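Below you'll find the structure, written out as structure tokens, and then a few comments.
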Amino acid sequence: MKRASYSAVTIETLPVITFQDVRVLTTDLLAQVYRTETDNIRKNHSRNQDRFECGKHFFVLEGDDLREFKDLHRVANSHSVKISPRVKALTLWTERGAARHAKMLETDQVWDVFEKLEDAYFRPPSINPRPMKQPASAAIPTDLPTALRAYAAEIESHHDDSSMIEMLNQQLEILVKTREIVDLFFEAFRFLLLPVFQRLHR
């Protein structure tokens, strides 16, 4: 039985592999960082298929998906991502899948490795969303001028965060539309309903 090349890769040298914008690991890489054999990973999966859900714990690439994956990772990560040209299906493990295997391998060392995988590979600080800074005394704006001032302050504090600015723009658009609807209601009330009420109360 061919053993995994334990010294080939470490968590610090893992190539970043993604599928559908999710960070994943091949069976070979998962076995290497867990210091076990690839056969152990495959057997744990085969013997516990009811505990693994495709799309949640792992992905299986075949056909066009597999060819695109090979083309995408061949150049940048060829030194670490070894995929046989004859392979017809490739399993990629997600963070949840890696956690499930760590539980099945049941060693303190594997759990220590998984915790490092969580922090350094699956959820590194650089891809974690930055929480919006909000003072403890901040309140929800109740009028448009106050909302616009709050919007300007948030834009200033997140000027380098395009996703946050896009979200703030969407919120402002909703607020403006809501204000326009309220204004239309009061205009309709003033011109259509107010004269009726005035006549009724004469």
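Answer with yes or no whether ALA102 is over 12 Å from TYR34 (Cβ atoms), out of contact with any Lys or Arg (no Cβ under 6 Å at 6 or more places or on another chain) and surrounded by 12 or more Cβ atoms within 10 Å (Cβ to Cβ). The answer is no for ALA102.
Pairing residues of region 48-70 that are free of Cβ contacts under 8 Å to residues at least 12 places away in the same chain and loosely packed, with under 11 Cβ neighbours inside 10 Å with residues that are in a strand (DSSP E or B) and of a type outside the set (Gly, Ala, Ser), at Cβ distances under 8 Å and at least 6 apart in sequence or on separate chains, gives no pairs at all. In contact with a helix residue (DSSP H, G or I) (Cβ under 9 Å, 6 or more places away or on another chain), part of a helix (DSSP H, G or I) and at pLDDT 60 or above, is that true of VAL81? Considered against the rule, which asks whether it is in contact with a helix residue (DSSP H, G or I) (Cβ under 9 Å, 6 or more places away or on another chain), part of a helix (DSSP H, G or I) and at pLDDT 60 or above, VAL81 comes out as no.
One residue stands out in region 1-40 among those that are more than 21 Å from the chain's Cα centre (by Cα) and of a type in the set (Lys, Arg): the one that is modelled with the highest pLDDT, namely ARG35.
Within region 87-102, track down each residue that is farther than 15 Å from TYR121 by Cα and in contact with a Ser or Thr (Cβ under 8 Å, 6 or more places away or on another chain). Hits for region 87-102 are LEU90, THR91.
The values are calculated or read from the model by the stated rules, or taken from the named source; none is laboratory data. Worth saying up front: this structure is predicted, and the values here are computed from it rather than measured. When we count neighbours, we look across all protein chains shown, and the Cβ atoms used for this are built from the backbone with ideal geometry, even at glycine.
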